[in-house]
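The values are calculated or read from the model by the stated rules, or taken from the named source; none is laboratory data. Only a predicted model underlies this, so the values are computations on that prediction, with no experimental measurement involved. Positions of Cβ are generated from backbone atoms using ideal geometry, with glycine treated the same way; all protein chains shown enter the neighbour counts. Just the protein is used for accessible areas: all its heavy atoms, side chains included, with ligands, DNA and RNA removed. Shrake-Rupley method; radii C 1.70, N 1.55, O 1.52, S 1.80 Å.
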Amino acid sequence: MRKTALLAFCCFLLLSGCTAAGRRGGTASGTTTDLPGISGPIGSNIMIVVRKVTTSREEYLAVESAWRYVDENIAVVKRPGDFAGSGLRVGIADRNFQARLDIAVRNAKSLEDSTVFVVATNGASAYIDIGEEISIPRFMYFGRWYTAVEYDFRKAGRSLKTTPRKLPSGAVDIELVPVFSRFMKDGLKIELTELSTRVTVNPGEMIVIGGSDTSSEDVATALFSYSKEKKATRTIITVMPRME
């Protein structure tokens, strides 16, 4: 008798060394260390300019070369060990990054390049959408003699929860948390709070977010990569706050 077992995505994430929690829009468990000098919500808005560049896996090498102009040592991660195992990359771009990314975009034969404006209240959270479908490994077996692996594709939100806070100095502290939503039938939303990352930038400075793509079983691959019917893509995101 043929049996089919679906490998739950929660287990997939746990294997990558992170903790997931949260349900039906609730807040995930866990705390984030507050940075000194952060002003509380005062009702003013912060405009966030988000650029999402998605290319084929083959052409992503040109995009990836722009990471040499990103300072990844500035990001403050909640749990360095978990973050290192996740494959995620976060840093602040220097003045050469934009030019290098634009060159890669102009030379690419197949890509999606979009810019959206996200308005968040100071101290409140907004979401940056990355994709709406994700692949899940499904293991099929017959007795003890036969095994095979197929991939199901499910409608599921892939996003970054973004919480900006103004600092008295005029800079902006931005917290980023990977989120997978609408994954299970019961509406489970998974906020990977253990991978929370904070970056402090001045208005107009650019944060770069992507993945190293070193494994098919890490969070970065699930969040920023996509493969279906011989189409494989990777995504890189930039975030730039502006004061309204």
Original post:
Residues of region 64-100 being of a type outside the set (Lys, Arg), part of a loop (DSSP other than H, G, I, E, B) and open to solvent by 60 Å² or more (accessible area, probe 1.4 Å), which ones?
Top reply: Glu72, Asn73, Ile74, Asp94
Original post:
What tally of residues in region 149-167 results from selecting those that are in a strand (DSSP E or B) and either open to solvent by less than 30 Å² (accessible area, probe 1.4 Å) or modelled with pLDDT of 90 or more (or both)?
Top reply: 11
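Of all residues in region 215-230, how many are aromatic (Phe, Trp, Tyr) and either modelled with pLDDT under 80 or within 12 Å of Pro178 (Cβ to Cβ) (or both)?
Residues that pass the stated criteria total 1.
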**OP:** Please specify each residue of region 102-112 satisfying the condition of being touching a strand residue (DSSP E or B) at 6+ places or on another chain (Cβ under 7 Å) and among the aliphatic types (A, V, I, L, M).
**Re:** Val105, Ala108, Leu111
**OP:** Return yes when Ala8 is open to solvent by less than 60 Å² (accessible area, probe 1.4 Å) and at pLDDT 95 or above and no when it is not.
**Re:** no
Original post:
Of all residues in region 193-243, which are surrounded by fewer than 19 Cβ atoms within 10 Å (Cβ to Cβ), within 24 Å of Thr163 (Cβ to Cβ) and among the acidic types (Asp, Glu)?
Top reply: Glu205
Original post:
What about Ile92, is it under 19 Å from the mean Cα position of the chain (by Cα) and at pLDDT 95 or above?
Top reply: yes
Original post:
Among the residues of region 115-133, which ones are more than 16 Å from the chain's Cα centre (by Cα), in a strand (DSSP E or B) and either of a type outside the set (Val, Ile, Thr) or at pLDDT below 90 (or both)?
Top reply: Phe117, Ala120
